[in-house]
1. Name the residues in segment 62-78 that are surrounded by 17 or more Cβ atoms within 10 Å (Cβ to Cβ) and either among the charged types (D, E, K, R) or part of a helix (DSSP H, G or I) (or both), would you?
2. Among the residues of segment 112-128, which ones are surrounded by 12 or more Cβ atoms within 10 Å (Cβ to Cβ) and farther than 17 Å from G11 by Cα?
3. Could you please find all residues in segment 53-71 being of a type outside the set (A, V, I, L, M) and either in contact with a strand residue (DSSP E or B) (Cβ under 7 Å, 6 or more places away or on another chain) or without any contact (Cβ under 8 Å) to a residue 40 or more places away in the chain (or both)?
4. Would you pick out the residues in segment 16-38 that are within 20 Å of A133 (Cβ to Cβ) and either aliphatic (A, V, I, L, M) or loosely packed, with under 14 Cβ neighbours inside 10 Å (or both)?
5. Which of the residues spanning segment 83-101 are buried (at least 16 other Cβ atoms within 10 Å of the Cβ) and part of a loop (DSSP other than H, G, I, E, B)?
6. Just the residues that are acidic (D, E) and either in a loop (DSSP other than H, G, I, E, B) or within 15 Å of L14 (Cβ to Cβ) (or both), please, taken from segment 29-59.
7. How many of the residues making up segment 102-118 are among the aliphatic types (A, V, I, L, M) and either within 30 Å of H41 (Cα to Cα) or in a strand (DSSP E or B) (or both)?
Amino acid sequence: MSCELCENDGGEVLWKNELCRLVLVNDPDYPGFCRVILQRHVAEMTDLGPMGRKHFMAVVLAAEQAVREVMRPDKINLASLGNVVPHLHWHVIPRFREDRHFPNPIWGQPLREANPPQVADLPGKLRTAFQAALEASFPD
């Protein structure tokens with residue numbers, strides 16, 4: 001069985017280590033939409049040991065903090081579904097009251113035309129904010 005997230009990065013890699021990677025999803029309607037993807041193929045959080053879970057969630061929360069800082073959304077959606085791609089990954093989605101689907105999930109029927117915010121050098125800004133957030137999560 002092939003796995004899309006084992007075979008491909010899943011977006012523009014902003015950061016990675018031996019456990020997971022942070023990618024920026026190429027979605028023009030949702031700039032700042034990121035995923036945290038496990039580097040090996042497992043389906044559920046409980047497939048990880050306690051330290052792996054803790055580290056993985058620290059990366060998810062650092063990604064959320066970075067997206068909030070850079071995008072200034074009205075809300076962040078965190079989602080770990082995996083129904084279509086059963087490879088452990090979390091979506092970190094900045095939401096705006098004026099986005100195509102708000103207040104509904106982004107995978108539903110659009111409610112309006114897209115008018116996404118534009119951020120110059122979005123990947124660079126997310127990398128910088130993420131690194132600072134991650135370092136705060138794992139102080140020396």
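No value in this document is a laboratory result; all are computed from the given coordinates. Since we're looking at a predicted model, the values are computed, not measured. Positions of Cβ are generated from backbone atoms using ideal geometry, with glycine treated the same way; all protein chains shown enter the neighbour counts.
1. A62, A63, E64, Q65, A66, V67, R68, V70, M71, listed by residue number.
2. A114, P116, P117, V119, T128
3. R53, K54, H55, F56, E64, R68
4. Answer for segment 16-38, where residues must be within 20 Å of A133 (Cβ to Cβ) and either aliphatic (A, V, I, L, M) or loosely packed, with under 14 Cβ neighbours inside 10 Å (or both): N17, E18, L19, L22, V23, L24, V25, V36, I37, L38.
5. Across segment 83-101, the qualifying residues are H87, L88, F96, D99, R100, H101.
6. Let us first name the residues in segment 29-59 that are acidic (D, E), namely 29, 44, 47.
The answer is D29, E44.
7. Total satisfying the criteria: 1.
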